[in-house]
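One structure is given here, and the rest of the page talks about it.
The values are calculated or read from the model by the stated rules, or taken from the named source; none is laboratory data. Keep in mind it's a predicted model, so treat the numbers as computed, not measured. Because the Cβ atoms are built from the backbone with ideal geometry, glycine has one as well, and the counts that use them run over all protein chains shown.
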Amino acid sequence: MNEIANPTKLLPWAPERNGEEAPAAAAKPAPALADALRLPLRLAWRQLRAEKSRLFAAMAGVMFASVLVFMQLGFRGALFDSATNLLGAMRADIFLVHPMTDASFRPEPLPRVRAYQTLADPDVELAVPLYLAQSTWRNPETGRRRAVQLIGLDAGAGAVDFPGLAGIVEALKRPDTLAFDTRSRPEFGPIGRLFAERGSFDVQLGVRRMELVGLVEIGPSFGADGNVVMSETNFRRVVERGASNTDLVAIKLRAGADRAAVRERLRALLPGDVLVLSHEELVAHERSYWENGTPIGFIFVFGSLMGLVVGMVIVYQILFSDIASHISEYATLKAMGYSNGYLARVVMGSALILAIIGFVPGLGLSWLLYDMVGKATFLPLVMYPSRAAVVFLLIFGMCAIAGMLAVRKLRDANPADMF
Amino acid sequence: MAAPPVDLKSITFAYGAGELRRAVLRDVDLTIAPGEIVLLTGPSGSGKTTLLTLIGALRAMQDGTARVLGQELSGASEAERVRLRRRIGFIFQNHNLLGFLTARQNVAMAMELDGGLNETQRLKRAGEMLEAVGLADHAEKPPSQLSGGQRQRVAVARALAGDPGLILADEPTAALDKVSGQEVVHLLRDLAKGRGVPILLVTHDPRILDIADRIVAMEDGRIVSGAQEATVGGEAA
């Protein structure tokens, strides 16, 4: 079967026998651009597919890196989202804070008279002072105490809209009453269940016995594990402080007022001991404290970077050993006329494939973990599409850099050494 | 008469520089006629392989002029050399087939740089080439399931698939036993003769000298016999 039965049948002529000239092998047309990208990618996929265990290791590495970055960025985002839980829930147009207030859990007091001064502006309908302080809450079941965030306000004014608050406005006006945030961490006790069973009951806040009259939903933050809402008068009963100070002023404008213009007028009107902020600016101000004033933001960015570096090393190792173990095949391809650029596209194609097949399960696993960890820590871990896109770009960049490092190994494939 | 596919004039080549400079080719002249099968023999270190890599545009030239398939190699750019290589079929001592591709896909690799063919045409032609080397039944097997002789025949099919103007082979039988070595080179000769493709084959193997039109012997960087073109068109030596 090794003999060619009749070569002349397959191959019709032999010039050295019939005196004709052999046609010069003509230069061939270059492949189309689509093929110049598709064929290296296909070769890369065929090569990756051939070694299942190596492919699995690479996929696991990329997946691990994806999950790590997702979790770190998730925690970072949850921190910033939850840090602004309280302020984000406020429904007013303009806010006044003291310029030295860094974060809402540790406010610098501002003169309460500034709230009334703003009423001089014809477009200001309502100016509500808000009081913020921390106290301790005794778990009614275990007796353990834990720091809790107090929010004192005129619940009926409508400057703040926590779910559940509207129905207990009248109850909160009674002396020594409060509402508890059911989204607080469980260490404060099963308050929601107890309230459902018994109706209102007595709790201990600081050194004072108070009556729990309702539940609201706000959510814990890194600054506060739980929240308690009460009236301005009751707040003063718990926290002894100067009557003329407040911590935050929420201002509502008349319908149709130009918010930016009113802010400008208030800035001109009020002295330098208050900042006039829009709602977005207030949230951003709080956020920037956590981002820049604490190492927490940096820690998560650093963690993400470490995940990317580890993933990059894994992908580099896989690509490098793929090239190293096929170095003579790569050299043969070069001898056959494959350019360095073509082979570099094969390696970069492998990197791209690994990025995709590692990212997709990484995204799924992270989604699952977000759900589990979010339930366990009460942090708002949310898979935003924008975050998924950012992580994919990071993973893609990671694989691309690993690929570029591995491409250097191609130089070792020298077709002249093949003979 | 068209220009010969290979025309070398006073090729000199040395490795290293300065004190360590070691000449491996001294003033080599060699011409290969269309359709001619030339065997290059000689002891180790005589410069055969270096000559082959120069003709194959795998190395940059130093001194002398070399026209291969109409391309002047002296002073040729890397891109020009890469383009020239696409028109040359290489057969190595080891088959160097891609282990993750089937025999047919390996042969098709020789044509993937040719924009004139689509995937169907490439695979069809690869199948025809494998049929021509007697491996029609093994086209879909990976190299690991083929014997040494069969792999080398796949390499022959791959070298010829791209319609090369020249075949360069380096010890293609070194890794094979006598019978399969003979089969491979006879196959190579028949296919090349059939299409008028000239072959330059470096070998130590005395068992395959019968396929040559001309035998060129090298020693110490010089051609010592066979430099003159044989009369082609007569009986093969």
Some residue of segment B:101-118 being over 24 Å from A:ALA34 (Cα atoms) and touching a helix residue (DSSP H, G or I) at 6+ places or on another chain (Cβ under 7 Å): yes
Qualifying residue in segment A:291-307 (condition: over 30 Å from A:GLY223 (Cβ atoms) and modelled with pLDDT of 90 or more): no
Subset tally (residues that are within 14 Å of chain A (Cβ to nearest Cβ) and modelled with pLDDT under 85) for segment B:5-43: 0
Candidates B:LYS48, B:LYS124, filtered to the one that is among the charged types (D, E, K, R) and within 20 Å of the chain's Cα centre (by Cα): B:LYS48
Matching residues, segment B:2-42, being of a type in the set (D, E, K, R), farther than 22 Å from B:HIS204 by Cβ and surrounded by 15 or more Cβ atoms within 10 Å (Cβ to Cβ): B:ASP7
Test for A:TYR330: is it assigned to a helix (DSSP H, G or I) and either within 14 Å of chain B (Cβ to nearest Cβ) or surrounded by 20 or more Cβ atoms within 10 Å (Cβ to Cβ) (or both): yes
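Every residue, every condition in (1) among the polar types (S, T, N, Q); (2) over 30 Å from A:ALA60 (Cα atoms); (3) in contact with a Lys or Arg (Cβ under 8 Å, 6 or more places away or on another chain); (4) without any contact (Cβ under 8 Å) to a residue 24 or more places away in the chain, yes or no:
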| site | (1), (2), (3), (4) |
| --- | --- |
| A:ALA260 | no, yes, no, yes |
| A:ARG263 | no, yes, no, no |
| A:GLU291 | no, yes, no, no |
| A:PHE302 | no, no, no, yes |
| A:LEU305 | no, no, no, yes |
| A:LEU308 | no, no, no, no |
Within segment A:147-254, strands (runs of 3 or more DSSP E) holding 2 or more residues that are under 30 Å from the mean Cα position of the chain (by Cα) and over 30 Å from A:LEU119 (Cα atoms): A:177-181
Those residues of segment A:146-174 which are exposed (fewer than 15 other Cβ atoms within 10 Å of the Cβ) and in contact with a strand residue (DSSP E or B) (Cβ under 9 Å, 6 or more places away or on another chain), in sequence order: A:ALA147, A:ASP161, A:PRO163, A:GLY167, A:ARG174
Hits in segment A:277-307 - residues which are touching a Ser or Thr at 6+ places or on another chain (Cβ under 9 Å) and either of a type in the set (A, V, I, L, M) or under 26 Å from A:ASP123 (Cβ atoms) (or both): A:LEU282, A:VAL283, A:ALA284, A:HIS285, A:GLU286
Set B:ALA126, B:ALA157: member being surrounded by 24 or more Cβ atoms within 10 Å (Cβ to Cβ), over 22 Å from B:LEU200 (Cα atoms) and out of contact with any Phe, Trp or Tyr (no Cβ under 8 Å at 6 or more places or on another chain): B:ALA126
Conditions (1) touching an Asp or Glu at 6+ places or on another chain (Cβ under 7 Å); (2) in contact (Cβ under 8 Å) with a residue 40 or more places away in the chain; number of the one not met by A:GLU211: (2)
Those residues of segment A:89-116 which are buried (at least 19 other Cβ atoms within 10 Å of the Cβ) and part of a helix (DSSP H, G or I), in sequence order: A:ARG114, A:ALA115
Sole exception among (1) buried (at least 18 other Cβ atoms within 10 Å of the Cβ); (2) polar (S, T, N, Q); (3) at pLDDT below 90 for A:SER244, by number: (1)
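So that you can scan it fast, the table gives a plain yes or no per residue for (1) in contact with a Gly (Cβ under 9 Å, 6 or more places away or on another chain); (2) in contact (Cβ under 8 Å) with a residue 24 or more places away in the chain; (3) not hydrophobic (A, V, I, L, M, F, W, C):
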| site | (1), (2), (3) |
| --- | --- |
| A:VAL216 | yes, yes, no |
| A:VAL229 | yes, yes, no |
| A:PHE235 | yes, yes, no |
| A:GLU240 | no, no, yes |
| A:LYS252 | yes, yes, yes |
| A:ALA268 | no, no, no |
| A:GLU280 | no, no, yes |
Complete set of residues in segment A:117-133 that are closer than 25 Å to A:ALA261 by Cβ and either assigned to a strand (DSSP E or B) or hydrophobic (A, V, I, L, M, F, W, C) (or both): A:LEU119, A:ALA120, A:VAL124, A:GLU125, A:LEU126, A:ALA127, A:VAL128, A:PRO129, A:LEU130
Close pairs (6 angstrom Cβ cut-off, 6 or more residues apart or separate chains): closer than 11 Å to A:PRO361 by Cα in segment A:51-71, modelled with pLDDT of 90 or more and surrounded by fewer than 17 Cβ atoms within 10 Å (Cβ to Cβ) anywhere: A:MET63/A:PRO361; A:VAL67/A:LEU365
A:GLY214 being more than 23 Å from A:THR377 (Cβ to Cβ), modelled with pLDDT under 90 and small (Gly, Ala, Ser): no
